[in-house]
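What follows draws every value from the coordinates through simple rules; no lab data is involved. Just so it is clear, the model here is predicted, and its values are computed rather than measured. Here the Cβ positions follow ideal geometry from the backbone for every residue, glycine too, while neighbour counts run over all protein chains shown.
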Amino acid sequence: METSLGIGSRLMAIGGVAVALASPAIQAWSDAAVATDVRRGQEMFEPSARAAGAVDPSYFGTWRLLVERSSFNGAAPPREAVRIVGDRHHGLISTVTHTVDLDGIVRDNAFVSRLDGRPYVISSPEFGPGATIVERLANRMTIEFVVTSGGSLVAEGTRTIRDGREMTIETHVLDGYGQEMTSTTIWERLPGFLD
């Protein structure tokens, strides 16, 4: 069943199992996933998110927000932000975003998802309880996403990788007056971690 979002795209309303992890649980879950991967003799039943036909491998790694090259549609930009995207195998992708606002307030958002068009829970004080993200692969270099909270649209957009070193995230939100606002953030891939 498709539901119009009113800002140029559609959200597939698909039931599914959501993975809910609070930010402190990400490391424990990640450690367990790594331990599972290294067990001898364990057969992998689903491919990694890096498998053929999946997202480009350069999507995974640590990304730093280039504040000076990003636009926030009139909102105050953050002081800094880092985004860590990990391939957790079995088609799972973990995403943790650490943001420090200009006034020093830290916000951490985290979720584990698949690019399968199903909703997955986001651990985020920004979106509140019950927030979900639906992601799908548009092509190897572009991921489309929709965020909802309490059944209402919060944001939608795309993440696009360019030359393996730069990611552009374009996000559309509706303000309190129903007007569409767009932010475009540019992220630089840092070498080394999760390569």
Could you give the radius of gyration (one decimal) and Dmax (whole number) of the Cα atoms in the stretch 112-171, in Å?
12.0, 37
To the nearest Å, what is the center-to-center distance of the stretch 56-92 and the stretch 106-120, using C-alpha atoms only?
13 Å
Where does the charge balance sit around Asn109 when Lys and Arg score +1, Asp and Glu -1, over other residues with C-beta under 15 Å from its C-beta?
-2
Debye calc, one equal point scatterer per Cα of the stretch 92-195, no solvent, log10 I(q)/I(0) at q = 0.18 1/Å comes to -1.03
Using a cut-off of 9 Å between beta-carbons, work out the net charge of the residues near Gly157 (Lys and Arg +1, Asp and Glu -1, Gly157 not included).
-2
